1. Using 0.36 nm times the number of residues separating Phe18 and Ala206, minus their current alpha carbon distance, what extension gain do you get?
2. In nm, give the distance between the simple-model label positions of Asp86 and Thr44, each being 7 Å from the Cα along the Cα-to-Cβ direction.
3. Over the chain, with a Gaussian network built from C-alpha contacts below 10 Å, which listed residue (Ile273, Ile181, Ile363) shows the highest mean-square fluctuation?
4. Let me know the number of lysine pairs in region 118-241 closer than 15 Å at the Cα, not counting same-chain pairs under 8 apart.
5. With a Förster radius of 35 Å, plug the Cβ-Cβ distance of Asp133 and Leu326 into 1/(1 + (r/R0)^6) and report the FRET value to the nearest 0.05.
6. With all pairs of different alpha carbon atoms counted, what Kirkwood hydrodynamic radius in Å does the chain show?
7. What value, in deg cm²/dmol to 500, does the helix sum -39500 (n - 2.57) over DSSP H runs of n ≥ 4 give at 222 nm once divided by the residues of the chain?
8. For region 1-99, what proportion of DSSP beta bridges, expressed in % and rounded to the nearest 5, is antiparallel?
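Every number in this text was worked out from the coordinates using simple rules, so none of it is lab data. Note that the structure is a prediction, hence the values are computed from the model and not measured. Here the Cβ positions follow ideal geometry from the backbone for every residue, glycine too, while neighbour counts run over all protein chains shown.
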Amino acid sequence: MFSEIREGTTKLLVPTHFTKSIFYNPTMELSRDIDIASIAAFATLYPSPSLTYIDALAGTGVRGVRIANEVGLRVTINDRSMPAYDLIQRNIALNAVEERSAAYNEDANVLLVQTKYDLVDIDPFGSPVPVLDDACKSVKQLLLITATDTAPLCGAHTGSLRTYGARPLNTEYHAEMGTRILLGAVTRELGRYEKAIQPLLSYASAHFIRLIARVERGAKKADESIKRLGFIAHCFSCSHRFAFSYADMLDLNVENTCSLCGKKMRIAGPLYIHPIKDKGFCEEVHAELAKRRLGKKREALKIVNTCIQELEIPFYYEHHALCKALKIPPPSIPSLLDALRSNGFSASRTHFSDTAIKTDTRIDELKRIVKML
Ligand SMILES: C[S@@+](CC[C@H](N)C(=O)[O-])C[C@H]1O[C@@H](n2cnc3c(N)ncnc32)[C@H](O)[C@@H]1O
Ligand SMILES: [Zn+2]
């Protein structure tokens, strides 16, 4: 049994009741709305004739069909489940986008090894790692990746070292740590094919992480990307933390005793420690969101707007936890941001958490300023 629904300006048949063989998650409409705006922004900023896009793990085909219908790209939509493949074909027909859509019932890895696509989208259950290698081999211009295995990525469970070759720490900024560990793993995978990464928009929401990143060819550029990996040292005693480069780690140039309280610091990584977004790109995405008819427009605008304002610092401070540790009532976030700025520091909100802030202040100075409020 199927029901007809609408996302954006696209009509879709989706299973009326949950079924394992055809996956449709209505809560991911937010990420699909941001994708539509992001791909439209990419096509405007990096124009190239007849871009090709693959939705390699498509379920109902919702992402691919929406991109064919709402952005006008040539799309390949694939799922290895036969009932999903049948539904993808029906959804293509329902929107009359047959001319620019091809449906496949293949293993994603097989398809990605055989053909190069300008835009490669992998939206799995859990980890993207089983298809990451072939996605990196196939992609020419833009990689879109979801991960829903946030527990291991963010340090709540073990398994990240095995799956992503990196160690997270379960800190207050775990959502950002997971995002950066995933970006680090993608950077290394692309590097194997002499491809470089430029993150355009990376965000985490409730139960998933989504990366949208430009890809360019060239060993030299790929080497530059790899240099953007590093580590974060974190003190669980006083909350001091700092990022440092891979080169510093390899040369053992890192002090692992906390300079503020003398306790041993723990190290997370390797992870991507450079900017995880491109401000100009995010502004274009914001403009695309604003002019489109989208079901999750308000939430999507909020995420992208916060990403635009967000400082490029690889961690954040949970403001309630900070005030609890200091045994003081939490001041409002706007008053804290103002106080930091008027003391000469940079400060912003973060899309990773409504109750956190980013600042270039060291933790001891941050505590001093919070106590004065
Ligand atoms: C999370 S669902 C996709 C959801 C969809 N992209 C959306 O936005 O609603 C993942 C899909 O990948 C398919 N899948 C998993 N591994 C695959 C593989 N190796 N090759 C092809 N399809 C695969 C599953 O059948 C499932 O439909
Ligand atoms: Zn310390």
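1. Working: separation 188, 0.36 × 188 = 67.68 nm, distance 2.05 nm.
Contour length minus Cα-Cα distance gives 65.6 nm.
2. 4.1
3. Its mean-square fluctuation being the largest, the pick is Ile363.
4. 6
5. So the FRET efficiency works out to roughly 0.15.
6. Numbers: mean 1/r = 0.0463 Å⁻¹.
Hydrodynamic radius (Kirkwood, Cα only) of the chain equals 21.6 Å.
7. Per the formula, -11500 deg cm²/dmol.
8. Details: 6 of 10 bridges.
If we restrict to bridges inside region 1-99, about 60 percent are antiparallel.
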